[in-house]
Amino acid sequence: MPEIGRLLIIIGLFFNFIAILSLIRMPDVYTRLQSAARSVTLGTGSIMLSVFVVHGFSATGFKALFVIAFLILICPVCVHALAKGAYQSKVKLAEDSVCDQYQEDLKAKQNQADTTPNL
């Protein structure tokens with residue numbers, strides 16, 4: 001069992017390293033958030049899974065499972081909030097971005113609200 005735990009730690013460290021590289025390599029805040037969040041979730045989740053594998057069904061093992069569930073539920077919400085805050089603060093997309101889908105959706109919603117009659 002310690003071998004599986006070590007393997008999971010190595011996998012987790014690899015994903016966390018990928019997250020660090022994505023923070024350096026990606027062109028803007030939105031792609032950095034997206035890639036780093038996925039990598040950190042997988043990396044930290046793998047490390048916590050190794051804690052569960054090593055400690056088994058003990059208090060520490062259950063805490064590790066709780067952390068995994070918390071990461072899976074909370075990380076996407078936090079990344080969404082950060083990205084929306086960055087967008088509302090008018091942080092620019094990368095110059096080579098193809099389109100701004102959120103802006104297009106906001107314009108469509110505004111046009112729909114303008115054409116809807118008030119009752």
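What about Val77, is it within 22 Å of Ala37 (Cβ to Cβ) and loosely packed, with under 11 Cβ neighbours inside 10 Å? Show your work before the answer.
Values: within 22 Å of Ala37 (Cβ to Cβ): yes; loosely packed, with under 11 Cβ neighbours inside 10 Å: yes.
Answer is yes for this residue.
Quick check on my filter: what residues within the range 33-68 are buried (at least 17 other Cβ atoms within 10 Å of the Cβ) and within 23 Å of Ser89 (Cα to Cα)?
Passing the criteria: Leu33, Ser35, Ala36, Ala37.
Just to be sure I understand, how many residues within the range 88-106 are surrounded by 11 or more Cβ atoms within 10 Å (Cβ to Cβ) and without any contact (Cβ under 8 Å) to a residue 40 or more places away in the chain?
Adding up the residues that qualify gives 4.
For the range 23-74, how many residues are out of contact with any Gly (no Cβ under 7 Å at 6 or more places or on another chain) and either aromatic (Phe, Trp, Tyr) or outside any helix (DSSP H, G or I) (or both)?
Number of matching residues: 10.
Since Ser22 meets every condition but one in (1) loosely packed, with under 12 Cβ neighbours inside 10 Å; (2) touching a helix residue (DSSP H, G or I) at 6+ places or on another chain (Cβ under 8 Å); (3) hydroxyl-bearing (Ser, Thr, Tyr), which condition does it not meet?
(1)
Residue check: is Gly12 touching a Phe, Trp or Tyr at 6+ places or on another chain (Cβ under 8 Å) and either of a type outside the set (Asp, Glu) or outside any helix (DSSP H, G or I) (or both)?
Details: touching a Phe, Trp or Tyr at 6+ places or on another chain (Cβ under 8 Å): no; either of a type outside the set (Asp, Glu) or outside any helix (DSSP H, G or I) (or both): yes.
Criteria not met by Gly12.
Each reported figure results from applying straightforward, stated rules to the coordinates on display, with no laboratory input. In this text the structure is predicted, and so the values were computed from the model without any measurement. In this analysis, Cβ positions are derived from the backbone assuming ideal geometry, glycine residues included, and neighbour counts consider all displayed protein chains.
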